[in-house]
Amino acid sequence: MLKREANFRRTGYLVSIILLVLAVACGTTATPTQPPDTGAAPAAQTQQQAQPQAEPTAAAEAMGIAPTQAPAAQAATQSSAAPAAPSPTATPVPAAMPQTESSGKDSIIVVIPTEPDALSPWSTGSAETSSIVSYNWGEPLVWLDTTTLQLGPTTSTTGWEQVAPDRWRFSLRKGVKFVNGEPWNAETAAWNINHNGDPQIGLGFGVHGPMTGTVVDDYTIDITCGHANYNEGATQSCPILPGDITGVAFQAPAWWQSTEEDVRDRTTVGFGAYRFDGYVPGVSVESVAYEDYLPSGRDDLPAPAIPNVQYVWRLETTVRSAMIQAGEADHTYLLNVEDISNVPKSISMPQWEVEGFYIDTLWHPMLKQTGFRQALVHAINCQEIVEEIFNSATTCTPLPGVIGMPGITEHNGSYWEFDPDKSRQLLEQAGYDGEEIRIIGREGRVPKQPEVYEAMAGYWEAVGIKGKVEVTERSLWRSIRNCGVGNAVSEAGEITAQNLAEPPTNCEGSSGSGHLIEFTPEWPSLDFGRPAGRLLNCYYFQSRVCDADMQALLEQARAATLEEGRADLLEQLADRMKEDVLFIGVFQAFEIHGLAEDLEFEPRPDQRLRVAEMWWN
């Protein structure tokens, strides 16, 4: 076995089942469940730390998913019943950035892995676009404090309450405006919700599903949750909607509707801490602090301390780390373990997502057989991948979730047994005759992706499976990924044998061209309902799984509160995903950040990267 010396400490974390059970058992509809002790919350690890980290918890009830809780106010836990007369969250007391002596620096250079393929949050879901656009030029309605695991308001909101099983009421912050001067109010908020919630044009339907926005008064809107089957007018209970919309982006409606598409793709007109200030294709993106940004007063959503930001890109981790070392850049992320010694300062942070693969369970003659998919996973020595490629810096993770969060247990969260003999036996039973299994992947999303693809193909070859690795250009990978069963089922409006018989023809990528398609599903709401809604959903445009009975179970689970058995229903879905191998997870993703010596930053585990949270020491 290859041994490496690296100044890195394993940071993969498991969730505390005991605290989760206590949180669920103690929560009532009248008294909010208390968040776990902050000493057990996710924390970044720097090279200089000597003491082991406490393991964080992910008790869903401790996240403040129902009406948000002000420092001195009471709020109800999640429930499908309408609260009697809940009060919107009070605005938190403003908190200052850490008090340090000014360095005199007013700019930062961030080097990212690849050039973004768009600069609009509505044009693509790419990580590169998101790292610049979604949480710097914009801000969602709801923000998760990853230290306390509590949801809270942002620049755009002051609070919310559930007023019906399928409806949430949001109070908007007055005085906020988009960077072009358009006002932020109930009318512009409702337009954005309707845009994001339209199944034909919005993004994220495996996350929050269809939704509509309705004006209540000038600074109050209702969000109504549509049914997962997209039937017009049909609604569905949505007990954790606030946690599911932490990634929804907002833009100035009048600007968007009057601007050509190619222009919209190259910028964002939001109300975040920064604003767009220029783009030279192939060279850089410029960003400056938004002078009229209105902070919410939260510690974890500060106003910018560094007014000028330049983004550049280099794919090779050695080049990016060398730029940090030479002072040509100040921050980068997604470095490899071996790069740690080549940067002045590094921080490692496990991420709430898994590196894994969609599987064509519907149309490929071998992959549609459960036994053959089981043969694939029993051939993979995941522990060796983690040890050899990542120096034990992460953990094997079969499903998108961590043990302890609703739906994920020791049973379904533990990796498949490495058993080549069992794999060969299953291959024989499936009648495998050398059909090619293609791995369609990209590079630069998480560390060492091509090496993982090749390792998997090598394990398969050892038991007689013909695997072919194809690392594609990102736009091609995305078009293939996005051509799933939902494109056929949603157009037909129902699940039938006829619309499942052949791959969809109404999308750009041929679904048959990707047998296994690399993907990194995340769980920022710390609930298996989100990844299940993408991977197991007949109506989701990326999904390669569709079963009428499982669809009914999915819709029941996503509409249920914890008191109504949500965790048990999600567990049934997770058990099915694991046992039938409806998704192949490999390892929990992690990020290694490289920083200039005098740059301070505490990364988050949910990939929300805000430059406003950085400052010069």
**OP:** Just name the residue that is surrounded by the fewest Cβ atoms within 10 Å (Cβ to Cβ) out of those in region 298-322 that are within 30 Å of Leu149 (Cβ to Cβ) and among the charged types (D, E, K, R).
**Re:** Asp299
Original post:
Here are Ala249, Ala322: which of them is within 21 Å of Thr129 (Cα to Cα) and of a type in the set (Gly, Ala, Ser)?
Top reply: Ala249
**OP:** Go through region 433-447 and count every residue that is in a strand (DSSP E or B) and surrounded by fewer than 21 Cβ atoms within 10 Å (Cβ to Cβ).
**Re:** 2
**OP:** Please give the number of the condition Glu461 fails out of (1) acidic (Asp, Glu); (2) within 25 Å of Pro113 (Cβ to Cβ); (3) outside any strand (DSSP E or B).
**Re:** (2)
Original post:
Of everything in region 318-353 that's in contact with a Pro (Cβ under 9 Å, 6 or more places away or on another chain) and among the hydrophobic types (A, V, I, L, M, F, W, C), which residue is nearest to Trp523 (Cα to Cα)?
Top reply: Trp352
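Please go through region 257-285 and pick out each residue that is assigned to a loop (DSSP other than H, G, I, E, B) and hydroxyl-bearing (Ser, Thr, Tyr).
From region 257-285, those assigned to a loop (DSSP other than H, G, I, E, B) are 258-260, 265-273, 281-283; that's our starting set.
Of everything in region 257-285, those that are assigned to a loop (DSSP other than H, G, I, E, B) and hydroxyl-bearing (Ser, Thr, Tyr) turn out to be Ser258, Thr259, Thr267, Thr268.
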Original post:
When you scan region 464-499, how many residues do you find that are in a helix (DSSP H, G or I), open to solvent by 60 Å² or more (accessible area, probe 1.4 Å) and under 18 Å from Glu355 (Cα atoms)?
Top reply: 0
Subject >> Matching residues in region 182-191 - criterion: being out of contact with any helix residue (DSSP H, G or I) (no Cβ under 7 Å at 6 or more places or on another chain) and either open to solvent by 10 Å² or more (accessible area, probe 1.4 Å) or hydroxyl-bearing (Ser, Thr, Tyr) (or both) >> reply: Pro183, Asn185, Glu187
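Condition check: among the hydroxyl-bearing types (Ser, Thr, Tyr), in contact (Cβ under 8 Å) with a residue 40 or more places away in the chain and part of a loop (DSSP other than H, G, I, E, B). Does Thr224 satisfy that?
Working: among the hydroxyl-bearing types (Ser, Thr, Tyr): yes; in contact (Cβ under 8 Å) with a residue 40 or more places away in the chain: yes; part of a loop (DSSP other than H, G, I, E, B): no.
No, not satisfied.
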**OP:** Evaluate the following for Gly278: is it on the phi > 0 side of the Ramachandran plot, surrounded by fewer than 23 Cβ atoms within 10 Å (Cβ to Cβ) and at pLDDT below 95?
**Re:** no
Original post:
On the given criteria, is Tyr358 over 26 Å from Ala612 (Cα atoms), in contact with a strand residue (DSSP E or B) (Cβ under 8 Å, 6 or more places away or on another chain), in a strand (DSSP E or B) and of a type in the set (Ser, Thr, Tyr)?
Top reply: yes
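Considering region 361-387 alone, what residues qualify as being closer than 23 Å to Arg445 by Cα, open to solvent by 20 Å² or more (accessible area, probe 1.4 Å) and part of a helix (DSSP H, G or I)?
Let us first name the residues in region 361-387 that are closer than 23 Å to Arg445 by Cα, namely 377, 380-387.
Pick out the ones that are also open to solvent by 20 Å² or more (accessible area, probe 1.4 Å) and you get 381, 383-384, 387.
Gln383, Glu384, Glu387, listed by residue number.
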Original post:
Only one of Val215, Val179, Val163 is open to solvent by 20 Å² or more (accessible area, probe 1.4 Å), in a loop (DSSP other than H, G, I, E, B), at pLDDT 95 or above and among the aliphatic types (A, V, I, L, M); which?
Top reply: Val179
Original post:
If you go through region 286-318 one residue at a time, how many are farther than 22 Å from Gln607 by Cβ, among the aliphatic types (A, V, I, L, M) and not in a strand (DSSP E or B)?
Top reply: 1
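Here is a yes/no grid of residues against (1) touching a helix residue (DSSP H, G or I) at 6+ places or on another chain (Cβ under 8 Å); (2) aliphatic (A, V, I, L, M); (3) touching a residue at least 60 places away in the same chain (Cβ under 8 Å):
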| position | (1), (2), (3) |
| --- | --- |
| Leu335 | yes, yes, yes |
| Ser341 | no, no, yes |
| Trp352 | no, no, yes |
| Tyr358 | yes, no, yes |
| Phe372 | yes, no, yes |
| Ala375 | yes, yes, yes |
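Picking from Glu291, Glu316, Glu286, Glu328, which residue would you name as being within 19 Å of Pro116 (Cα to Cα) and modelled with pLDDT of 95 or more? Explain how you work it out, then say what you get.
Details: Glu291 fails: within 19 Å of Pro116 (Cα to Cα); Glu316 fails: modelled with pLDDT of 95 or more; Glu328 fails: within 19 Å of Pro116 (Cα to Cα).
None of the other options fit; the residue is Glu286.
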Original post:
Do you know which of the residues in region 137-160 that are out of contact with any helix residue (DSSP H, G or I) (no Cβ under 8 Å at 6 or more places or on another chain), hydroxyl-bearing (Ser, Thr, Tyr) and at pLDDT 95 or above is most open to solvent (accessible area, probe 1.4 Å)?
Top reply: Thr158
**OP:** Go through region 388-410 and count every residue that is aliphatic (A, V, I, L, M) and part of a loop (DSSP other than H, G, I, E, B).
**Re:** 4
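The values are calculated or read from the model by the stated rules, or taken from the named source; none is laboratory data. Predicted, not measured: the structure shown is a model, and the values here were computed from it. Please note: Cβ atoms are built from the backbone with ideal geometry, for glycine as well, and neighbour counts cover all protein chains shown. Note: areas computed on protein heavy atoms with side chains; ligands, DNA, RNA excluded. Shrake-Rupley method; radii C 1.70, N 1.55, O 1.52, S 1.80 Å.
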